[in-house]
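Here is the structure we will look at, set down as structure tokens.
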Amino acid sequence: MSSQRHHTSSPEIDKLDQNLFRRACGAFATGITVATVLGRDGKPHGLTANSFSSVSLDPPLVLVCVAHKAATHGPFSSASSFAINILDINQKDLSVRFASSHPNRFEGLDWTVGELGSPILTNSLAVIQCQTKRKIAAGDHTIFLGEVRKVDVREGKPLLYHAGGYLEFG
């Protein structure tokens with residue numbers, strides 16, 4: 001027979017320090033993506049995201065999380081498809097650009113329109129084109145669940161992020 005410990009919570013103990021939570025999550029090294037959509041206005045929209053994950057192989061599903069306050073949240077919410085551009089080690093400038101408040105993040109960039117209509121960044125390590133299947137409100141973000149329709153991969157090294165900074169390969 002196993003013994004179980006019951007936790008009695010108090011508001012002081014359960015109140016989570018957001019900065020500590022952010023640091024704990026930052027301890028997990030991630031790849032960096034730029035998630036993109038084509039807005040109803042016909043303009044490309046995108047943001048740097050490391051809140052990306054594969055979900056299922058059958059059917060092939062991925063997710064990306066977008067903050068409600070992000071300028072791109074509206075275009076993502078109204079789009080029927082999105083693309084995940086997994087960045088190459090040489091694309092740090094794209095990561096910084098799409099994480100900024102730059103008014104036209106695609107200005108002067110080399111990109112194409114993918115088969116589902118979402119912007120594809122040239123020279124990405126991999127591109128995953130998805131049909132939006134579900135939108136799930138989760139705290140201060142929306143989880144966009146996409147069914148993978150097309151994938152392209154090339155050789156190279158990924159751009160990685162850890163503890164608030166980019167990692168360099170040795």
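Miscellaneous remarks
- In this entry, residue 31 passes the filter for residues that are at pLDDT 80 or above, among the small types (Gly, Ala, Ser) and surrounded by fewer than 18 Cβ atoms within 10 Å (Cβ to Cβ).
- Meeting the requirement of 3 or more residues that are within 18 Å of residue 82 (Cβ to Cβ) and touching a residue at least 40 places away in the same chain (Cβ under 8 Å), the strands (runs of 3 or more DSSP E) wholly within the range 116-170 are 119-121, 126-138, 141-153.
- Qualifying residue in the range 99-109 (condition: within 14 Å of residue 63 (Cα to Cα) and modelled with pLDDT of 95 or more): no
- Test for residue 95: is it surrounded by 12 or more Cβ atoms within 10 Å (Cβ to Cβ), under 15 Å from the mean Cα position of the chain (by Cα) and over 24 Å from residue 57 (Cα atoms): yes
- Boolean, residue 51 is surrounded by fewer than 20 Cβ atoms within 10 Å (Cβ to Cβ), under 18 Å from residue 158 (Cβ atoms) and either among the basic types (Lys, Arg) or at pLDDT below 95 (or both): yes
- Strands (runs of 3 or more DSSP E) wholly inside the range 33-90 that include at least 2 residues being closer than 18 Å to residue 117 by Cβ: 33-38, 44-49, 60-67, 81-86
- The listed residues are 70, 79, 83, and the only one of them that is among the aliphatic types (A, V, I, L, M), without any contact (Cβ under 8 Å) to a residue 40 or more places away in the chain and surrounded by 14 or more Cβ atoms within 10 Å (Cβ to Cβ) turns out to be 70.
One line per residue, one yes/no per condition, for (1) among the polar types (S, T, N, Q); (2) closer than 20 Å to residue 130 by Cα; (3) modelled with pLDDT of 95 or more:
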position	(1), (2), (3)
2	yes, no, no
5	no, no, no
11	no, no, no
15	no, no, no
23	no, no, no
47	no, yes, yes
80	yes, yes, yes
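- Residue in the range 94-113 that is on the phi < 0 side of the Ramachandran plot, in contact (Cβ under 8 Å) with a residue 12 or more places away in the chain and part of a strand (DSSP E or B) present: yes
- Flag for residue 147 being at pLDDT 95 or above, under 16 Å from the mean Cα position of the chain (by Cα), over 30 Å from residue 20 (Cβ atoms) and among the acidic types (Asp, Glu): yes
- Checked against the criteria, residue 112 does not count as over 17 Å from residue 159 (Cα atoms), crowded, with 19+ Cβ neighbours inside 10 Å, modelled with pLDDT of 95 or more and not charged (D, E, K, R).
The values are calculated or read from the model by the stated rules, or taken from the named source; none is laboratory data. Predicted model only: the values in this text are computed from it and were never measured. When we count neighbours, we look across all protein chains shown, and the Cβ atoms used for this are built from the backbone with ideal geometry, even at glycine.
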